[in-house]
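Bear in mind these aren't lab numbers, they're just calculated from the coordinates by the rules spelled out. In this text the structure is predicted, and so the values were computed from the model without any measurement. Backbone-built Cβ (ideal geometry, glycine too); neighbour counts: all protein chains shown.
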Amino acid sequence: MYSLALVALSCLTGATPAADGRFPDPVRLLRSRPELPARVVEAVVRGASADPRDRFGSRGELVASWRSGHRRAVRRVEA
């Protein structure tokens with residue numbers, strides 16, 4: 001789940017890991033994207049936590065958290 005959260009962080013912010021493989025602080029990076037729903041930010045921050053005990057326990061938990069915030073951010077576009 002940690003790797004998935006880092007991929008999401010990179011996709012959402014354009015951030016790449018430093019030479020030592022570490023990402024900058026996720027909270028600071030995501031502040032540059034104020035349009036993101038709070039639940040999406042929370043899901044990425046929790047998933048990318050440095051302490052494994054603070055991360056999601058399963059893929060299902062991460063997906064549920066992401067979806068709860070993402071649905072509100074998606075607008076239907078009429079063709």
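So the values come out like this:
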read-out	value
Subset of region 40-65 [of a type in the set (S, T, N, Q) and in contact with a helix residue (DSSP H, G or I) (Cβ under 6 Å, 6 or more places away or on another chain)]	Ser65
Filtered residues of region 1-14 (kept if of a type in the set (Gly, Ala, Ser) and either touching a Phe, Trp or Tyr at 6+ places or on another chain (Cβ under 6 Å) or closer than 18 Å to Arg53 by Cα (or both))	Ser3, Ala5
Complete set of residues in region 38-51 that are more than 8 Å from the chain's Cα centre (by Cα) and either among the acidic types (Asp, Glu) or under 15 Å from Val63 (Cβ atoms) (or both)	Arg39, Asp51
Residues satisfying the stated conditions in region 11-41, i.e. small (Gly, Ala, Ser) and touching a residue at least 12 places away in the same chain (Cβ under 8 Å)	Ala15, Ser32, Ala38
Filtered residues of region 26-40 (kept if in a helix (DSSP H, G or I) and surrounded by fewer than 19 Cβ atoms within 10 Å (Cβ to Cβ))	Val27, Arg28, Ala38, Arg39
Residue that is surrounded by the most Cβ atoms within 10 Å (Cβ to Cβ), among those in region 53-65 that are over 12 Å from Leu4 (Cα atoms) and either under 11 Å from the mean Cα position of the chain (by Cα) or charged (D, E, K, R) (or both)	Ser65
Scan of region 43-52 for residues that are crowded, with 16+ Cβ neighbours inside 10 Å and either more than 15 Å from Leu6 (Cβ to Cβ) or not small (Gly, Ala, Ser) (or both), ordered by number	Val44, Val45, Arg46
